[in-house]
C-alpha cells in the first residue's frame, strides 16, 4: 500500500504531564504552553472546517467570553442560591419557545448540548410510560435511520430499545417503515428538522398526525436546525412546518451554541406542557444531605454557558440572526450551484436548510479519494458512509471562502479522475473499507482499537493515527485488494437481491 509522505520538520511541543507538579508553574508559561498545544488545531476562523464551530464575529465571541466569565464560578445546581441563573435560564427558554411557537403552557430547561437534550428526551419518554403505561416492560422508540446516534446512546444508557425506520430515496424517514415498526411497547416516535448527515427535513406533519392517532409522544430533533430554520422562513425560504405549530409535537431539542451563536455548551429541550417536563426531572428524597432535585443530567451546572446564552441571544437580536442567516444561505446556494456544475459529483438532499451534502455520480470518482485530495489542500473534511458522502454545515463564516472551496473541489475531482488508483490510498482506503464492511461488528472492533490507542494508559495525548487495529492491518497488507473484494461481494449481494425480487414478482403473477 502506497502511503503519503508526511515527514515534516518536528515542531517543539509541550511535554506530556503525568503528575501534578510539586511547585506550581508560572501563569505566563502555562498560557504559552496552551498556545503551543493549539498550534496544530484546525484553523476554523479561515472557514476551512464545516462543522464543530459556529462563529458570528470576533467582537461577538469576545462579548460571549465576558458574559461567560461574569458567572464563571456560579453553579445552577441550587437555583435558590443562584437565583440569577434560574432567571436567565427561564428567559432563554422563553425566547426559544417564542421563536418556535410554543404557547403559554410550554416550558423547558437548558442543557449542556444536543446530546444531553436527546438523552433527556429518551429518559422522559421511558418514565412517562412507566407512569401512564405501566404494563410496558420493554419500551422502544421508533426513529429514522438518519437520527443522531445520541438517541442510540440514550437507549443504551436507559434500557430503551431503538427501532430504526428506513429512509426513502430523498433520505427522509419512510412513513410506511416507521408505521410498521410501531407496536404496543413503543413509547415515542422521533423525526429530525433537519437530520444532520444530509440536511433533509423529515415529514414532521405526517409523523405528528400519526403520533396523535396512536397517542404517542413525538420528539423533533432540531438541534442543528432550531435556531436557523425560523430565520430561513422569515427570509422567504419554503420551510415546511416542523415546530410547535404542528399538532402532535410534544418536545423539541434545539442547540443554542450552533446557529444561536452562543458559547458552548448551551442547548434547550422544550415541552409543549408540564405534563411531559415533570418526567424529565430526577428527585431523591432519602439522601442524608437533603432532598436532591435535578432537572437535567449533570449535578453541577456551570453558570457561564447560561449567562452567555442569555446575553448572546439578546445581543444578536432578530436583525443579527437574519443577517447571519442570509450570509449562510447565500453561501449554501453558491456551494450547491457550484457542486451541480462539477461533472462526477451530485448533491444529496436539496432542502431549504444550510447543510450541503455531496457524493459521486459515477464509479470513476471515489468520494473518499476526493476527500483525501481536499484534505491535502488544507480542508477539514467530514466523511460519511451509507452512502459515501461529504457533509458541510454552512455558516456565515463560510461565505468568503466558497469560491476557493469550489476551485479546490474541481481540481480534486479532476485529479482523482486522472488517477483512479487513488481510491486505495490513505484515508480513502480507510473510509472505503469501513463503508463496505459487511459485518458491522468488525467496524466496531476497528474503531474500538483506535479509541483504545487514543485514550489508553500509554497514550501521550498527542495526535491520534488510524491505529494498528485489524482494519488498519488489513489495509496495510492488502490495500486495494481488500476494497475490491468487498466491492465484488456487494455486487453479488445486489444481483442476488434483484433475482429474488424478480422471482417473487413472477410468483405473484
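Listed values, structure above:
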read-out: Residues 94, 22, 410 arranged by fewest to most Cβ contacts within 10 Å; value: 22, 94, 410
read-out: For the stretch 91-214: rounded, prolate or oblate by the Cα gyration tensor [a/c cutoff 1.5]; value: rounded
read-out: Value of D in µm² per second that Stokes-Einstein yields for the stretch 138-197, Kirkwood Rh from Cα pairs, at 4 °C (1.567 mPa s); value: 112 µm²/s
read-out: P(r) of the stretch 69-314 over all Cα-Cα pairs, binned every 10 Å from zero, in whole percent; value: 8, 33, 36, 18, 5, 0
read-out: Theoretical gain in end-to-end length, residue 83 to residue 12 [0.36 nm per residue, Cα-Cα removed]; value: 20.8 nm
read-out: The stretch 181-335: C-alpha gyration tensor shape, a/c 1.5 cut-off, then a/b vs b/c; value: oblate
read-out: From the C-alpha gyration tensor of the stretch 252-398, square roots of 5λ in Å; value: 41, 20, 15
read-out: Length added when fully stretched, residue 212-residue 90, from 0.36 nm per residue minus Cα-Cα; value: 41.1 nm
read-out: Which of 343, 233 has the fewest Cβ neighbours within 10 Å, and the rest in rising order; value: 343, 233
read-out: Virtual paramagnetic centre 7 Å along Cα→Cβ of residue 418, amide N under 13 Å, in the stretch 308-351; value: none
read-out: Sequence of 357, 107 once ranked by neighbouring C-beta atoms within 10 Å, starting from the fewest; value: 107, 357
read-out: Two-site FRET efficiency, residue 337 against residue 34, from Cβ-Cβ distance with R₀ of 45 Å, rounded to 0.05; value: 0.65
read-out: Shape call, the stretch 217-261: gyration tensor on alpha carbons, a/c limit 1.5; value: oblate
read-out: Extended-chain gain in nm, criterion 0.36 nm per residue less alpha-carbon gap, residue 57 and residue 234; value: 61.5 nm
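Computed from the coordinates by the stated procedures, all read-outs in this text should not be read as laboratory data. Model, not experiment: these values are computed from the prediction. Quick reminder, even Gly has a Cβ in these numbers, built from the backbone with ideal geometry, and neighbours come from all protein chains shown.
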